[in-house]
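Okay, so here's the structure we're looking at.
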Amino acid sequence: MDGSHTQKLGSRSIAASLNGACVKFGDFTALADISLDIEPGDFWTILGPSGCGKSTMLRLVSDLVPPASGTVEIFGKTTEAARLAREFAFVFQDATLLPWRSALKNVELPLEIGRKRGITIPVGDRTPRELLELVGLKGREDALPHELSGGMRQRVAIARALVCQPKLLLMDEPFGALDEMTRDHLNLQLLDIWKETGTTILFVTHSISESVFLGQKVLMLESNPGRVKEVVDIDLPLPRKIALRDTPQFNTYCARLRELLEEC
Amino acid sequence: MSVSEAAVGETSPQNRLSEQSRSRLMNIAIPLGTAVALLLTWQLGVRLFNVPKYIAPAPTDILAVFRDEFPLLMRNFWPTFIESLAGFFIGNMAAILIAIAFVHSRLVERAFFPIAVFINTIPILAIAPILVLIFGPGMTAKVVIAALICFFPTLVNMVRGLQSVSPQALELARILSASKSEVFWKIRLPSSLPFLFSALKIAATTCVIGAIVGEWIGANVGLGALIIESTFNFRSPLLYATVFVSSGLSVFLFVSVTIAEKLIIRW
Ligand SMILES: Nc1ncnc2c1ncn2[C@@H]1O[C@H](COP(=O)(O)OP(=O)(O)O)[C@@H](O)[C@H]1O
Ligand SMILES: [Mg+2]
């Protein structure tokens, strides 16, 4: 009933809307019957056992894999239309920078692609230079990726994702390969960026504490086939500080999610 | 005692720097010293055992050729240089373009790759006379042979290079709705450059071999022709000098490619 209602309204005010979406690879069902509405400006984290379809879900939303059945809409558009309008951006686990381009040139890449074909590229309020400053890389504009640390490379990737001012930011374990201190630092930075830009974020992680620390909602997926196990609201105050993780409320959420994860 | 230990354990930056430059100096000095020692042994051996000049000339005899016959050497150097360079450009260019076609169309690859492999299996010494028959005794045949010898390694490396793009980079391109030509110019081609340069370094030396082999079969100028001529006339010092010029040409081309690589590939 909810689904048909949002359909009729054209769900323009929903950042991402999945209606009974399934993804199949041959005979294998990676995602089964996912229905979700993600409100604009929300920060969702996605948690689940490995291989349950977290990446597949982001790839479904970002038009990299088609749904076998069901529909996916982004701000009321098809995923393809949203992709062409650069409504969303993707941050991969490894930064996926082009090694021959400087940090600045990597951030500028989305602005170059499509320009010659006369595609209107949405240009954000911030220049690539300002974005590098926002992620704390002022002065390293001309550095090549191999001259930067893993954390710095990931920050360049985030700046690149922000350059077209996406309304939806998809992140697939972006800090999964980083050490804990760098990860903490980037978590705080990401929350600042989220607050400043007001973008919607879908963030895949395999860390329970990261999912609670960042998310307003934690989407728990279960595997075989991948489906929604539960959506847990995280009622923790914003802005969040590292010390939050030592509070009883935080640990209660973590314990609850750990329990859910064990059931998967 | 602890003081002296500390002094031993610690190396000041200046010390380390001079150590570094010393080790670099050693890197040059050791092979150079070995080469000089070998030349001296050669010189002494030839003189001591009275080896006839036409069997094995002494290094000084070869130096004398460089002094006396320099115009002759140069007259034969230039044709080989031009043939090698032209063969290098044509062979590698063809390989690059065909590699691009292969990567864009599996059909083209399936149609032509077996033929490329077949051509590569024919020994260059066997195919060279055929090419000289077809193209005549001029420079063309030598250029074609030099090009042919460069072709295959570059083709294989370039195909690998163009395919070396990570799947994630391609997904990034897709999310940005990049066109096929944007993917090619902005991602595939730059990714292939390290592979291309390792092939070009091979080609830099083989193209000279190709040109010389071509000249052996039918030419009256060029380093290859000079090698044949000086062999048949027992002019061994001239033969050795020509061989040195030939390897000098290879080294020159190799170093040029290496410098270009250093300038272009900074990642
Ligand atoms: N391109 C593909 N082809 C076939 N199977 C795939 C493909 N991509 C993912 N899968 C399968 O789908 C399931 C979910 O994968 P994925 O979304 O990557 O899991 P994760 O939750 O660890 O990110 C896995 O079992 C994986 O083997
Ligand atoms: Mg994954």
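A compact table of results
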item: Test: residue A:152 is aliphatic (A, V, I, L, M) and more than 16 Å from ligand 1 (Cβ to nearest atom); result: yes
item: Pair list, Cβ under 8 Å, 6 or more apart: segment A:42-57 residue of a type outside the set (Asp, Glu) and within 8 Å of ligand 1 (Cβ to nearest atom), other residue in a helix (DSSP H, G or I) and open to solvent by 10 Å² or more (accessible area, probe 1.4 Å); result: A:48/A:54; A:48/A:261; A:49/A:261
item: Qualifying residue in segment B:162-171 (condition: in contact (Cβ under 8 Å) with a residue 12 or more places away in the chain, of a type in the set (Val, Ile, Thr) and within 30 Å of residue A:119 (Cα to Cα)); result: yes
item: Flag if residue A:95 is modelled with pLDDT under 95, open to solvent by 20 Å² or more (accessible area, probe 1.4 Å), more than 14 Å from ligand 2 (Cβ to nearest atom) and within 14 Å of chain B (Cβ to nearest Cβ); result: no
item: Failed criterion for residue A:41 (all others in (1) open to solvent by 20 Å² or more (accessible area, probe 1.4 Å); (2) within 16 Å of ligand 2 (Cβ to nearest atom) hold); result: (2)
item: Any hit, segment A:77-94, residues being assigned to a loop (DSSP other than H, G, I, E, B), in contact with a helix residue (DSSP H, G or I) (Cβ under 9 Å, 6 or more places away or on another chain) and more than 25 Å from residue A:216 (Cβ to Cβ); result: yes
item: Members of segment A:14-63 found to be among the small types (Gly, Ala, Ser) and either within 14 Å of chain B (Cβ to nearest Cβ) or in contact with a helix residue (DSSP H, G or I) (Cβ under 8 Å, 6 or more places away or on another chain) (or both), listed by number; result: A:16, A:17, A:20, A:21, A:30, A:35, A:48, A:55, A:62
item: Every residue from segment A:106-129 that is away from chain B (no Cβ under 12 Å), surrounded by fewer than 20 Cβ atoms within 10 Å (Cβ to Cβ) and in a helix (DSSP H, G or I); result: A:129
item: Selected residue [at pLDDT 95 or above, among the hydroxyl-bearing types (Ser, Thr, Tyr) and out of contact with any Pro (no Cβ under 8 Å at 6 or more places or on another chain)] from B:231, B:258; result: B:258
item: Close pairs (8 angstrom Cβ cut-off, 6 or more residues apart or separate chains): within 14 Å of another protein chain (Cβ to nearest Cβ) in segment B:251-267, open to solvent by 90 Å² or more (accessible area, probe 1.4 Å) anywhere; result: B:267/A:146
item: Every residue from segment B:58-88 that is without any contact (Cβ under 8 Å) to a residue 24 or more places away in the chain and part of a helix (DSSP H, G or I); result: B:59, B:60, B:63, B:67, B:68, B:70, B:71, B:74, B:78
item: Candidates A:50, A:55 - the one that is touching an Asp or Glu at 6+ places or on another chain (Cβ under 8 Å), open to solvent by 20 Å² or more (accessible area, probe 1.4 Å), small (Gly, Ala, Ser) and within 16 Å of ligand 2 (Cβ to nearest atom); result: A:55
item: Residues located in segment A:64-76, provided they are closer than 20 Å to residue A:201 by Cα, within 14 Å of another protein chain (Cβ to nearest Cβ) and either open to solvent by 30 Å² or more (accessible area, probe 1.4 Å) or not in a strand (DSSP E or B) (or both); result: A:64, A:65
item: Scan of segment A:130-157 for residues that are open to solvent by 10 Å² or more (accessible area, probe 1.4 Å) and farther than 25 Å from residue B:264 by Cα, ordered by number; result: A:130, A:133, A:134, A:136, A:138, A:155
item: Selected residue [modelled with pLDDT of 95 or more, surrounded by fewer than 16 Cβ atoms within 10 Å (Cβ to Cβ) and assigned by TED's automatic domain parsing to the domain that holds residue B:206] from B:172, B:97; result: B:97
item: Residue check, residue A:202 modelled with pLDDT of 95 or more and outside any helix (DSSP H, G or I); result: yes
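This table checks each residue for (1) open to solvent by less than 20 Å² (accessible area, probe 1.4 Å); (2) modelled with pLDDT of 95 or more; (3) at positive phi; (4) within 11 Å of another protein chain (Cβ to nearest Cβ).
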{"position": "B:161", "(1), (2), (3), (4)": "yes, yes, no, no"}
{"position": "B:193", "(1), (2), (3), (4)": "no, yes, no, yes"}
{"position": "B:199", "(1), (2), (3), (4)": "yes, yes, no, no"}
{"position": "B:211", "(1), (2), (3), (4)": "yes, yes, no, no"}
{"position": "B:217", "(1), (2), (3), (4)": "no, no, no, no"}
{"position": "B:221", "(1), (2), (3), (4)": "no, no, no, no"}
{"position": "B:226", "(1), (2), (3), (4)": "yes, yes, no, no"}
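The values are calculated or read from the model by the stated rules, or taken from the named source; none is laboratory data. Because the structure is predicted, anything quoted here is derived from the model rather than measured. Positions of Cβ are backbone-derived with ideal geometry, glycine not excepted, and every protein chain shown enters the neighbour counts. Ligands, DNA and RNA are excluded from the accessible area calculation, which covers all protein heavy atoms including side chains. Shrake-Rupley method; radii C 1.70, N 1.55, O 1.52, S 1.80 Å.
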